[in-house]
Every structure is written in structure tokens, then in C-alpha cells.
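One structure is given below, encoded as C-alpha cells.
The values are calculated or read from the model by the stated rules, or taken from the named source; none is laboratory data. No experiment lies behind these values; they were computed from the predicted model shown. Here Cβ is always computed from backbone atoms with ideal geometry, including for glycine, and neighbour counts include all displayed protein chains. For the accessible areas, the whole protein counts, side chains as well, though only heavy atoms, and no ligand, DNA or RNA atoms are used. Shrake-Rupley method; radii C 1.70, N 1.55, O 1.52, S 1.80 Å.
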Amino acid sequence: MWKIVAATVLKGPHTMHGPKAAADALAELGRRVEAAARARLGRSLSIREVDAGSCNGCELEVHALGNVFYDLERFGIRFVASPRHADVLLVTGPVTHNMAEALKRTYDATPDPKWVIALGDCACTGGLFGESYACVGAAETVVPVDLHIPGCPPPPERILAGLLALIEAADGRIAPAAATGVSRSPPDP
Amino acid sequence: MTDEGRLETFVRGCEAVPGHRPWPRVRAGRAQWRALADLLAKTEWELLALWAEPAEVHVALRDETTLAVVSHPCPEGRFPSLGRIRPGAIRMERAVHDLFGLLAEGRADDRPWLDHGRWPVTAPLGKERAPRLGPPREAADYGFLPVEGEGLHEIPVGPVHAGIIEPGHFRFHANGETVARLEERLGYVHKGIESLMQGRTADEAARLAARVSGDSTVAHSLAFARAVEAAAETTAPPRADALRAVMAELERIANHLGDFGAICNDASFGFIHAHAMALRELVLRAAGACFGHRLMMDRVVPGGVACDLSAKGAATLKRLIAEMRPRFEALVEVYDNKPSLLDRTVTTGVTLTHLVHRFAAGGYVGRAAGRGMDARKVPGYPPYERLDFEVPVLIEGDVNARVWIRFTEIGESLRLLAQLLDHLPSGEVRRSVPGRAGEGLAIVEGFRGDVLTWVALDGEGRVRRCHPRDPSWLQWPLLEAAILGNIVADFPLCNKSFNCSYSGHDL
Ligand code: SF4
């Protein structure tokens, strides 16, 4: 074990520089960010991941964010076990009929202000699965979505860029004019 | 063995269905299906899969020498249950009932399985498909098996879990710390894949097959492609066979590394987790660089592969192998010399050999408990017959054994990659698949175990019906048995060491 530790110390870490906050994500968020969210989030995000019907490909890349290359936690972003501790719900998969209620409940259990990210083509649009007897479709059909990160699955760098955009938006570094534009629609009762 | 105890004898006694390749499919009338049930009680034939069409139920069986699909027409919507004799088929029969409305007479369990009472229709794939009447069923409406006894308490977990994992529900009954029963409830991520595949061209359906279980995208794509090729009486070119194997072995290595890391993480040993995940990332990056997608999704397609491997790509992979081997071996040494870690994995979550055989459980679950099946060897498929590799088998059946099977397989996969890259055939990488009617069955070895896919094509080469059977179907039930008598706190460790697919099972 110490040999591996020594080699790591000598060769330096694998961790790469973080990507820039994604421009398109910043634009999407700019329209939605709220002052309350800014005050609350500061420069950290607690994320609760909800697989609402994914093929598990998206989960694999979300997992990869935690590895030493991307080292998500250095940006103040961490995954939490309970929606009650979360600022952000990260939703994957075409929402299945069998998961729709669980997703809605998880959303309701997340304290305000909260953000929802649709991760992957399935959550963004329903993807290949669309709407059927088994699938409700995009995450948006069940919960309001603030940010879309497309891809099948989106590679970790793209996910990271999206998350960093969310932090920047919450940190108030987006032009205030854009930032105060539109407030989010309230969730369905 | 007596003649009667041979699957071949039984198959010969039934009516052959033409156009099914490469193994026979036969039709069994009611009396023959009943006789089959009796034989299953007496023999060790393995029940690999059970699925249906609107008026017929199919079962894939295997003994030492024969593999065959036996079909039973059931125009009345009923068939004698096989699950009451082979518990591995119980959930399959429940799924067949939910999807097709076909009823297994004398079934061991009459609760729904995939249908949670939330779909707008009932029997969505069946002849009797109908709009669902009444309000959606409440989640609490599911009749979990009762447990009686003093001091037992119930712990419901899920479907949304604490970690970044797929949804499923686990109902524990514990006596103090000790698990007295675990009951799984699955089906949450049922996406209707089989129904979406119907009527699609083979190429379109292949994209759905690639998303049956994202972590096994290569394996599922391969099983689907091989089934289509069998149905259409064609084969992939030799270079495609080799590249498919390159991708399949990369997928195996990446997943085994991920599992190894995650198991150690669940035993609170972050060091190995960090290093194993770094190695996994190197594999995914190499895959991305060589094949244009980190998980190699949609790269294996009917007729061959969707992209060639450049000379530069081959060199990248060779460098990866050279770098991987010493770093991986060093990690194995760390694992094997940490008593605090071994204390968690050794003798934890034991699966019994007879159960593994009874359920025909494949992959590391089977091989860690004495069942040495590996589809790359038996029935085998190209290019593995020309490659040198060992299939590890242990008998302990505990978490540690499942970890060791993965270790050995990573080493063997690295060896396979080296052989493949040293002798890559030249030539085309894809042939067009003729659009003709036929039925095909394929079994390939994914990282988790054998993926079995059955496909029926119509005259234009469109999918009439497809059933991809993930290895998880045969492994999930054994997790319930493996956790018995263990402490609740060891469940994550056991679960990770199985790492069954929710999506692959729920379809
Ligand atoms: S977007 Fe792609 S990888 Fe993600 S869940 Fe959907 S099919 Fe799977």
C-alpha cells in the first residue's frame, strides 16, 4: 500500500483542471436564478440523485465525477443521502410510470429553494423511450426542471461543466439582468 | 444418464419449429409441457429464460449437451407453471402474466411483478391489452410475505436509495441485527423495452438493446446482434468479431474495477476505491479515444461493428494494458493483506452451490460458488475459440470469493486483449444483414454473467418479438438467500458484490 502511496506522491495527482462552466447551461440558468437560491447555496451544492428509470449509464458517469480525475468535492459539490439535505435533484432516465410518484415525493421532500437538473437525453426529452404505457417521458412532465444536461450519457466533463454553471449562477456571478429575468414556475400541486 | 433424462430426447419427441437458429426450437402440446415440468423436477436441466408472445410461452433449457427452446401454445391464455418446480422461473412467470396476461396454472406466487398498478393499460403486450380501470394502485398495496416471530422488526428501504444507484425496494425483517428475511420488489425502472422493439428494424431495435442495462451495453448489443445474425443466417466479418471481443473485454475490466472499488468503499476502505476508480477511468478514456464513446454504446451493431479500430487506437490499448497490469496487481496485494477488509468480506453473504445451480446463476455469482459456466466457452462464440483464457471457479460463495473471481477475470481479460490486439484480422467490419424472416437465439458473456437474447424477425427483417434476458434475472433471487443470517449492515457489501442490474431486469 505504501508503495502505491509513494508512487502517487512522486508522480503527482491525476486530478485535472476543472472545465469552465458550460456557456449554454449558464444561459439557461441565467433566466431562472433567484436571489433566494443565491443566498442559500453560496459556493456549494448538495445533490440528491434520483434514477427515475435510467438504463444506469447516466449513473455510471455521475459516479465517475467522484473519481480523482474530476474530484467533484473540490468544487464544493457533494452527493447527499437524503432529499431533505439537498439543494439540487439530479434526475436521470425517462420517468417510468412506476417511478413517477417516487420522483414527485422526493421533490416534495426537498426543501426550498431547490433546483432540478435533468441529466441525460432520457431525462431531458424522454430519449429513445419517449412516452409509452411504461414511461411518462421527460423529467419535466413530473417536476419543474431548471437545467438540462443532454447526452447519452453525458460524459463527466459535461456534467461537471453544467454543475459549475449552477454554482456560478447561484453565486450571483451571472449578470443580474439575466439573473432576475424569470422566476420558476411553482410545482404542480 | 438414462435416455429419458436427456434434453435431446425430450426435444426429439416434440414438433420442430423451422427457421430457428442456431439451436432448435420445438413446440410442446399440453401433455408434453406437463411432462417437461415433471422432467424438470427430476433432472438438472438448466432453465435459462422464460418469456412469451401473445399466445405462446417459451422456455430456454440446457443440459450438458443440448440447448433448446421449448414453446407451448396457449390460445386460452394459460399454461402449466414451471416456476412451482423451478423457483428461478417464478418471477419470469409473474412478468409474463403482467406483460401478456398469460396465466401460469398452479403458480407459486400470484402477485404482480413488473406491473405496479401504475400503467394506463393492463397486459400491454398481450392479446387482451385493455385500459386499466380504477385508480392507480397504492404502493402499500403490495402483499409482502408475512413474517412471524418474536422480536422481529421490519425495515423498508427504497425505491429511492441513499447512494447513486438504481431504484428498487428491499423489505428486511431483522431480529436485532440479523436478517431473518429479505424480500426484493423490483420493476420500478420498467421502460417497456420489449414493446418498443416490436416492429422496428434490427438497427433501430439495436439502439434499444444497447440501453437495456447501460453498464452492459456492449454485452447486450452483442447478444442482440448475434441473435439477429442467427435469425437472418449471416455472420459478422472476422475483424468485427475481434473488435467486439475487444470492446466486451474492456467493458468487463471497467465494470469489475468499479465493483472492486465500490465493494471496498462499502467496507469503508477508501484507498482501494480511489485507486480502482482511477483505473476504471483510464479504461473508459481509452474506450472513448478508440471507439468514440466511453461506454462503447451503439458500437456493436447487427452485421458487425459501427466503427473500426485505428492503428493508433490499437497502440493506445496496448499502452493501457501495460500500465494497467502492475497497478492493478498492486491493488490486489493491498486487498489481500488487509485483515480489517477481509474481515468484512470473508464468510459474508454466502450463496450455496446447490442454489447457484438450481437458478443457473452465471457470472461471478455462479463462479464464486462452484458453477463454472462461461458463455465464451460454452456454447462459445467467435473469436474466443482461438484465444487462450481460463475461467476461474471458487466454491466459498462469499463476498470475498466474488471479489476474487473479478480479480482473476480482470487478469484474464487483459490477457485476452493482448492476444486480440496482436492478431487483429484485417478486412471489413460490417456486413449488411439480409431482411428475411427467421428466429435467432444468442448467449454471450457480459461482465455480470450470460446475456441471452431471443429475437424473431418478420419477412422484412423487422423485429416481431425480442426478449433480452439479463443475467440479473437469475441472480437477484439468490441475493435474498445470501443475506440471510448476516447483519443488516453487511447488506450494502453483499448487494455490491452481486451488483445485479435493476434496469436489465425490469426492462
Ligand atoms: S440518457 Fe442514455 S445513458 Fe442516460 S439513462 Fe438514457 S439511455 Fe441510459
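Residue by residue through segment B:25-44, note down the ones that are open to solvent by 30 Å² or more (accessible area, probe 1.4 Å) and in a helix (DSSP H, G or I).
Answer for segment B:25-44, where residues must be open to solvent by 30 Å² or more (accessible area, probe 1.4 Å) and in a helix (DSSP H, G or I): B:ARG30, B:ALA31, B:GLN32, B:ARG34, B:ALA35, B:ASP38, B:ALA41, B:LYS42.
Residues are listed down the side, and each one gets a yes or a no for (1) open to solvent by 60 Å² or more (accessible area, probe 1.4 Å); (2) polar (S, T, N, Q):
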| residue | (1), (2) |
| --- | --- |
| B:ARG327 | no, no |
| B:VAL332 | no, no |
| B:LYS338 | no, no |
| B:LEU341 | no, no |
| B:THR348 | no, yes |
| B:THR351 | no, yes |
| B:HIS354 | yes, no |
| B:ALA360 | no, no |
| B:GLY363 | no, no |
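Does any residue of segment A:120-142 turn out to be within 19 Å of A:ALA165 (Cα to Cα) and β-branched (Val, Ile, Thr)?
no
Can you find even one residue in segment B:12-24 that is free of Cβ contacts under 8 Å to residues at least 60 places away in the same chain, part of a helix (DSSP H, G or I) and surrounded by fewer than 21 Cβ atoms within 10 Å (Cβ to Cβ)?
There is at least one residue in segment B:12-24 that is free of Cβ contacts under 8 Å to residues at least 60 places away in the same chain, part of a helix (DSSP H, G or I) and surrounded by fewer than 21 Cβ atoms within 10 Å (Cβ to Cβ).
Looking at (1) more than 7 Å from chain A (Cβ to nearest Cβ); (2) of a type outside the set (D, E, K, R); (3) crowded, with 22+ Cβ neighbours inside 10 Å, which one does B:VAL160 not meet, given that it meets all the others?
It fails just one condition, (1).
Answer yes or no: is there a residue in segment B:366-376 that is in a helix (DSSP H, G or I) and open to solvent by 60 Å² or more (accessible area, probe 1.4 Å).
No; the residues of segment B:366-376 include none that is in a helix (DSSP H, G or I) and open to solvent by 60 Å² or more (accessible area, probe 1.4 Å).
Within segment B:291-326, take every residue that is within 16 Å of the ligand (Cβ to nearest atom) and charged (D, E, K, R) and give me the one that is farthest from the other protein chains (Cβ to nearest Cβ).
Taking the candidates together, the pick is B:ARG299.
Sort out for me the helices (runs of 4 or more DSSP H) sitting completely within segment B:153-255 that have 3 or more residues that are touching a residue at least 40 places away in the same chain (Cβ under 8 Å) and in contact with a helix residue (DSSP H, G or I) (Cβ under 6 Å, 6 or more places away or on another chain).
B:202-209, B:217-231
For segment B:291-316, give me the residue count where each residue is in a helix (DSSP H, G or I) and either within 24 Å of B:SER213 (Cβ to Cβ) or not assigned by TED's automatic domain parsing to the domain that holds B:THR234 (or both).
So the count comes out to 1.
Would you confirm whether any residue within segment B:278-290 is touching a residue at least 60 places away in the same chain (Cβ under 8 Å) and either in a helix (DSSP H, G or I) or within 11 Å of chain A (Cβ to nearest Cβ) (or both)?
At the first step, the residues of segment B:278-290 found to be touching a residue at least 60 places away in the same chain (Cβ under 8 Å) are none.
No, that holds for no residue.
Quick check on segment A:108-128. Is at least one of its residues in a loop (DSSP other than H, G, I, E, B), open to solvent by less than 10 Å² (accessible area, probe 1.4 Å) and within 15 Å of the ligand (Cβ to nearest atom)?
The answer is yes; a qualifying residue exists.
Filter segment B:76-98 for residues that are out of contact with any strand residue (DSSP E or B) (no Cβ under 7 Å at 6 or more places or on another chain) and closer than 24 Å to B:ILE193 by Cα and give the result.
Scanning segment B:76-98 gives B:ILE90, B:ARG91, B:ARG94, B:ALA95, B:ASP98.
Name the residue, out of B:PRO492, B:PRO471, B:PRO477, that is touching a Pro at 6+ places or on another chain (Cβ under 8 Å) and farther than 15 Å from B:ALA230 by Cα.
Just a single option satisfies the conditions, and that option is B:PRO477.
Residue-wise test of (1) free of Cβ contacts under 8 Å to residues at least 24 places away in the same chain; (2) within 15 Å of the ligand (Cβ to nearest atom); (3) within 19 Å of B:PRO159 (Cα to Cα); (4) surrounded by 22 or more Cβ atoms within 10 Å (Cβ to Cβ).
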| position | (1), (2), (3), (4) |
| --- | --- |
| A:ALA52 | no, yes, yes, yes |
| A:GLY57 | no, yes, yes, yes |
| A:ALA64 | no, yes, no, yes |
| A:ARG78 | no, no, no, no |
| A:LEU90 | no, yes, yes, yes |
| A:ARG105 | yes, no, yes, no |
| A:ALA134 | no, yes, yes, yes |
| A:ALA138 | no, yes, no, yes |
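Just wondering, is there one or more residues in segment B:316-336 that are in contact (Cβ under 8 Å) with a residue 40 or more places away in the chain, of a type in the set (Lys, Arg) and within 12 Å of B:MET247 (Cα to Cα)?
Checking segment B:316-336: not a single residue is in contact (Cβ under 8 Å) with a residue 40 or more places away in the chain, of a type in the set (Lys, Arg) and within 12 Å of B:MET247 (Cα to Cα).
Which one of the conditions (1) within 9 Å of chain B (Cβ to nearest Cβ); (2) in a loop (DSSP other than H, G, I, E, B) does A:VAL62 fail to meet, given that it meets all the rest?
Against the list (1) within 9 Å of chain B (Cβ to nearest Cβ); (2) in a loop (DSSP other than H, G, I, E, B), A:VAL62 comes up short only on (2).
So, B:LEU182, is that one within 10 Å of chain A (Cβ to nearest Cβ) and crowded, with 23+ Cβ neighbours inside 10 Å or not?
Here the answer is no, as B:LEU182 does not meet what is asked.
Could you run through segment A:148-161 and say how many residues are more than 15 Å from the ligand (Cβ to nearest atom) and more than 14 Å from chain B (Cβ to nearest Cβ)?
The number of residues fulfilling the criteria is 1.
Identify, by number, the condition in (1) open to solvent by less than 40 Å² (accessible area, probe 1.4 Å); (2) out of contact with any His (no Cβ under 6 Å at 6 or more places or on another chain); (3) within 14 Å of chain A (Cβ to nearest Cβ) that B:ARG94 doesn't meet.
(3)
Looking only at segment B:189-205, filter to residues that are open to solvent by less than 20 Å² (accessible area, probe 1.4 Å) and away from the ligand (no atom under 13 Å from the Cβ); which one of those is farthest from the other protein chains (Cβ to nearest Cβ)?
As a first pass, look at segment B:189-205 and keep what is open to solvent by less than 20 Å² (accessible area, probe 1.4 Å): B:189-194, B:197, B:202, B:205.
If we keep only those that are away from the ligand (no atom under 13 Å from the Cβ) as well, we get B:190, B:192, B:194, B:197, B:202, B:205.
Numbers: B:HIS190: 5, B:GLY192: 3, B:GLU194: 10, B:MET197: 11, B:ALA202: 15, B:ALA205: 10 Å.
The qualifying residue farthest from the other protein chains (Cβ to nearest Cβ) is B:ALA202.
Could you please let me know if B:THR43 is farther than 19 Å from B:PRO87 by Cβ and polar (S, T, N, Q)?
It is false that B:THR43 is farther than 19 Å from B:PRO87 by Cβ and polar (S, T, N, Q).
Quick grid of which residues meet (1) out of contact with any Asp or Glu (no Cβ under 6 Å at 6 or more places or on another chain); (2) within 30 Å of B:ARG226 (Cα to Cα); (3) not assigned by TED's automatic domain parsing to the domain that holds B:ASP266:
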residue	(1), (2), (3)
B:ARG327	yes, no, no
B:TYR335	yes, no, no
B:THR348	no, no, no
B:ARG367	yes, yes, no
B:ASN400	yes, no, no
